[in-house]
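The values are calculated or read from the model by the stated rules, or taken from the named source; none is laboratory data. Since we're looking at a predicted model, the values are computed, not measured. Cβ sites come from the backbone with ideal geometry, for glycine too, and all protein chains shown count toward neighbours.
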Amino acid sequence: MTGLQADLVLRARRAWIDGAFRPAAVVVRDGRIVEVLPLDTDVQATEDHRVPDDQVLLPGLVDTHVHVNEPGRTEWEGFASATRAAALGGVTTILDMPLNSIPATTTVDALAVKRTSATGRVAVDVGFWGGAVPASLGSLDALHDAGVFGFKCFTAPSGVDEFPHLDPEQLRAAIEEVARIDALLIVHAEDPAYLVAHDALGSHYEDFLVTRPVDAERSAIARVIDGARETGARVHILHLSDAGALPMLRAAKADGVRITVETCPHYLAFEAGTIPDGATEYKCCPPIRDDANRDALWAGVLDGTIDMIVSDHSPSTADLKVDDWGLAWGGIAGLQVGFRAVWTEGSRRGVPLEALLPLVTTGPAALAGFSDRGVIAPGALAHFAVFDPDVTAVIEVAGLAHRNPVSAFAGHEARGRVTETWLRGRLIATADGGVTAVGGELVARSAPVGAVAAVLDGIETRL
Ligand SMILES: [Zn+2]
């Protein structure tokens, strides 16, 4: 029995703790988990909540790749709508990408503008990436000190004029700079030398796919690996689409290069051969490739080469999704349903849920340097998602909470559903009732990770 009065105890037959499902009573006080006890322990708590036995209790998911676009392109997406979508998807922390908003998050002032526009309007916790563009090279430390989680750069045109890409020499300078200030560089890795210039392409997906060949990814990733290997910099490959790059990533990791890699739900759920003509809600860069590539990406997920699965949620207004693959805006909206799509395809392949959970919790949390979320453990924030893994339903566009309900995932049958989301011990969203609270906080890159880890170490898990 616990001594002090708790605010909440969440009891679940299957709670995901230390990498396995275990029966547990999770005790919450002041927004944090204070104890994890045997399921039927007598606990004095204001609220005693039992998760149905056919559902699982998960830590709130962490999505480190979200384009919120506000301010500046708020008609595409905004803090209120994006974080509602996150809450309904069990995602309790998002990190916002530095581009597509105006201003882009490339200066301390721009970061302040973004924080101001988000304040008081977010349903889940939100942090920010900074941008490494030619003009910000040499002065990244100020933005780093202001609390961004690292720096995003492009090696090919980003799609928006206000966020220019880095050429190979500038990329090298960025890698050297993040090594010097012990920051993290996250890279959109496509080499423009291999991209095929185009205007209109028509309605056939194959005609778009050939403009962004695998060699573009491989060349850029090789350059990033070389830079990290030679400088000791910490780097991360965003949205890996080409599974052919996995062997060199695997080798670099084996050599001790400080590199991590993510892929996205759309690369694991979809394949080029089944994308309908003109269905540009599936357009993204790098592109969704063929079925054999998808199989190999799944192998990379299961062997640990791929560290995390994050949404790259990048919506736009519906009118920019014209039915010409060359002219349509690129970006897939999957924040709310990405995890369901991954589980749907994973379970079809016989992958257990336990094997996927690190990729949406501890994997992205580690990228951001969080040690207070992504786990159910004493000392961690009381962020939870309750997930029903077996229910199936067609994803309806009307049920998507992001601003412009256009999504490649709409119309697909999905397995699993997030039924409840909790933030700091408070129920903030349910599948039937929607989002009921807007109490997210803005988060900054934490002070020494070791300090939080020491707190976690000091509290015993008594199971
Ligand atoms: Zn992105």
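Being basic (Lys, Arg) and under 15 Å from Val56 (Cβ atoms) is the filter here; which residues of segment 358-387 pass it? Across segment 358-387, there are no qualifying residues. Within segment 86-113, the set of residues being assigned to a helix (DSSP H, G or I) and either in contact with a Lys or Arg (Cβ under 9 Å, 6 or more places away or on another chain) or away from the ligand (no atom under 16 Å from the Cβ) (or both) comprises Ala87, Leu88, Val108, Asp109, Ala110, Leu111, Ala112, Val113. Checking each residue in segment 195-211 for being touching a Lys or Arg at 6+ places or on another chain (Cβ under 9 Å) and surrounded by 15 or more Cβ atoms within 10 Å (Cβ to Cβ) picks out Leu195, Tyr205, Phe208, Leu209. If you go through segment 195-234 and keep only what is more than 22 Å from Ala173 (Cβ to Cβ) and touching a Ser or Thr at 6+ places or on another chain (Cβ under 6 Å), you end up with Val196, His198.
When Glu35 is tested against (1) of a type in the set (D, E, K, R); (2) surrounded by 21 or more Cβ atoms within 10 Å (Cβ to Cβ); (3) part of a loop (DSSP other than H, G, I, E, B); (4) over 27 Å from the mean Cα position of the chain (by Cα), just one condition goes unmet, and that condition is (3).
Consider Asp48 carefully, then state whether it is of a type outside the set (Phe, Trp, Tyr), exposed (fewer than 15 other Cβ atoms within 10 Å of the Cβ) and in a strand (DSSP E or B). The answer is yes for Asp48. Across segment 283-335, the qualifying residues are those that are among the hydroxyl-bearing types (Ser, Thr, Tyr) and away from the ligand (no atom under 16 Å from the Cβ), and the one among them that is modelled with the highest pLDDT is Thr305. Among the residues of segment 77-95, the ones that are aliphatic (A, V, I, L, M) and surrounded by fewer than 24 Cβ atoms within 10 Å (Cβ to Cβ) come to 1 in all. With the structure loaded, tell me whether Thr74 is hydroxyl-bearing (Ser, Thr, Tyr), within 16 Å of the ligand (Cβ to nearest atom) and either outside any loop (DSSP other than H, G, I, E, B) or surrounded by fewer than 24 Cβ atoms within 10 Å (Cβ to Cβ) (or both) or whether it fails that test. The answer is no for Thr74. For segment 322-348, a residue qualifies if it is surrounded by 21 or more Cβ atoms within 10 Å (Cβ to Cβ) and under 19 Å from Arg73 (Cα atoms), and the qualifying residues are Gly331, Ile332, Ala333, Gly334, Leu335. Residues considered: Asp40, Asp54, Asp63. Of these, the only one that is assigned to a strand (DSSP E or B), out of contact with any Phe, Trp or Tyr (no Cβ under 8 Å at 6 or more places or on another chain) and of a type in the set (Asp, Glu) is Asp63. For beta carbons closer than 9 Å, sequence separation of 6+ or different chains, a first residue in segment 179-190 that is without any contact (Cβ under 8 Å) to a residue 24 or more places away in the chain and a second that is among the acidic types (Asp, Glu), the qualifying pairs are Arg180/Asp141. Filtering segment 306-319 to residues that are more than 17 Å from the chain's Cα centre (by Cα) and touching a residue at least 24 places away in the same chain (Cβ under 8 Å) leaves Ser316, Thr317, Ala318. Looking only at segment 45-71, filter to residues that are among the β-branched types (Val, Ile, Thr) and closer than 18 Å to Val360 by Cβ; which one of those is farthest from the ligand (Cβ to nearest atom)? The selected residue is Val56. Just a yes or no: is a residue in segment 307-317 surrounded by fewer than 22 Cβ atoms within 10 Å (Cβ to Cβ), under 22 Å from Tyr205 (Cα atoms) and either out of contact with any helix residue (DSSP H, G or I) (no Cβ under 6 Å at 6 or more places or on another chain) or among the small types (Gly, Ala, Ser) (or both)? Yes, the conditions are met somewhere in segment 307-317.
As a summary of the residue check, Pro98 satisfies the conditions (1) closer than 23 Å to Phe339 by Cβ; (2) surrounded by 24 or more Cβ atoms within 10 Å (Cβ to Cβ) except for the one numbered (1).
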